[in-house]
Amino acid sequence: MSDQKIKVVVVGASGYTGQELLRLLIMHPLVDLVAVTSRTEKDRLLTDVFPRFAGAPSVKDLRFSDPDVDALAATGAEFAFLALPHGVASEFAVPLLEKGFRIVDLSADFRLNCPDIYEEFYGSPHPAPDLLKDAVYGLVETYREEVAGAKLVASPGCYPTSILTPLIPLVKNGFIKPESINVASLSGTSGAGKKAAVPFLFVEVNESLRAYGAPKHRHLSEIEQELSIAAGSEVKISFVPHLMPVNAGIATTIFAELTGVPATIQSCLEAAYADCPFVRILGEGTFADTKNVVRTNFVDIGWVIDERTNRLIISSAEDNLGKGAGSQAIQCFNVMHQFPETTGLLNF
């Protein structure tokens, strides 16, 4: 591992995900943060927009700038994080790649292998379909080697990470029936993004719990894509997300019919994640709790067996801004540079 710092830019750094990404990059020992962009915060000091970063010497004079590709290249940076909305990220990914940047994109633009599926779920033609064949899905625990050599990595969505992490090994090894999978997930309100909208006002969210986005939430597209790859055949599932009145965290409950002996669940998951420092297998009889994963890059997995129905009930938890977004993107960055995977991410 080289101890030379990598010059990094963050494009679209003023949202909740951008803020968490910046917090971690500022503390990362092998990152030199040389530019942050935001059209809405242009020319403002980073520490004025986010006073929590005041006192960090590396960013005391850093100002938000327009997202100009030539200006970003002029900084000498070689790596870019794109924390932009879907459809917008592609506008920057294409020219930044042409300038020689390596990229982790936190939007949905490069998560799907098929442009038709993208159009079906996101409502418009894919803006850069030629890049889809080159993009690597950034679930490091499944695609570590591919991520290591990639120039463009699509950081997975928050819900998909909490669902795919426990399910991929079980589906791949045939321990559950893929067609029986049903999922309910609950997310903190930061998952809705940093925008002024009535459904997300404090008085609308506080002391309230509600479902949304069913039956065809956008993240279902990448969940089914990755489960289909694991199964070797098309998989379709039911997925219902919910909004819960906390700032951050995702709690997911998965139901699936068993095909094998219950004892194989433990051995399957332990074998799949033996060398994965951010997956914590809690074991049978334990339910994952968001309070143990918020502001970390961990995903916790527990489960119970319903013998009456021969169903497996899986419980997982993660931070939607962390393992579901910013810290997972940095995990990809570490792997892409052959740094220890945990560098800058062992926050408890």
Which of the residues spanning the range 285-330 are more than 12 Å from the chain's Cα centre (by Cα), in a loop (DSSP other than H, G, I, E, B) and among the polar types (S, T, N, Q)? 286, 296, 309, 310
Would you check which residues across the range 231-240 are surrounded by fewer than 22 Cβ atoms within 10 Å (Cβ to Cβ) and either within 19 Å of the chain's Cα centre (by Cα) or at pLDDT below 95 (or both) and list them? 240
Members of the range 183-202 found to be crowded, with 21+ Cβ neighbours inside 10 Å and in a loop (DSSP other than H, G, I, E, B), listed by number: 188
Here is a list of conditions, (1) of a type outside the set (A, V, I, L, M, F, W, C); (2) closer than 21 Å to residue 20 by Cβ; (3) crowded, with 21+ Cβ neighbours inside 10 Å, and residue 118 meets all of them except one; can you say which number that is? (2)
Residues within the range 203-218 that are of a type in the set (D, E, K, R), in a loop (DSSP other than H, G, I, E, B) and surrounded by 10 or more Cβ atoms within 10 Å (Cβ to Cβ), tallied: 2
Which is of a type in the set (Asp, Glu), surrounded by 22 or more Cβ atoms within 10 Å (Cβ to Cβ) and in contact (Cβ under 8 Å) with a residue 12 or more places away in the chain, of 257, 318, 284? 318
List every residue pair whose Cβ atoms lie under 9 Å apart, where the two residues are 6 or more positions apart in sequence or sit on different chains, the first residue falls within the range 4-30 and is without any contact (Cβ under 8 Å) to a residue 60 or more places away in the chain, and the second residue, located anywhere, is of a type in the set (Asp, Glu) and surrounded by fewer than 24 Cβ atoms within 10 Å (Cβ to Cβ). 5/32
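Among the residues of the range 288-318, write down those that are touching a helix residue (DSSP H, G or I) at 6+ places or on another chain (Cβ under 7 Å) and within 25 Å of residue 332 (Cα to Cα). Walk me through it before giving the result.
Step one: of the range 288-318, the residues touching a helix residue (DSSP H, G or I) at 6+ places or on another chain (Cβ under 7 Å) are 297, 299-301, 303, 312, 314, 316-318.
Result: 297, 299, 300, 301, 316, 317, 318.
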Test each condition in (1) surrounded by 18 or more Cβ atoms within 10 Å (Cβ to Cβ); (2) closer than 20 Å to residue 297 by Cα for residue 178 and report the one that comes out false. (2)
For the range 189-203, does any single residue satisfy the condition of being farther than 24 Å from residue 300 by Cα and touching a strand residue (DSSP E or B) at 6+ places or on another chain (Cβ under 9 Å)? yes
Say whether the condition of being within 26 Å of residue 99 (Cα to Cα) and among the acidic types (Asp, Glu) is met by at least one residue in the range 44-51. no
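The values are calculated or read from the model by the stated rules, or taken from the named source; none is laboratory data. A quick note: this is a predicted structure, and the numbers were derived from the prediction, not measured. Note: ideal-geometry Cβ built from the backbone for every residue, glycine included; neighbour counts use all protein chains shown.
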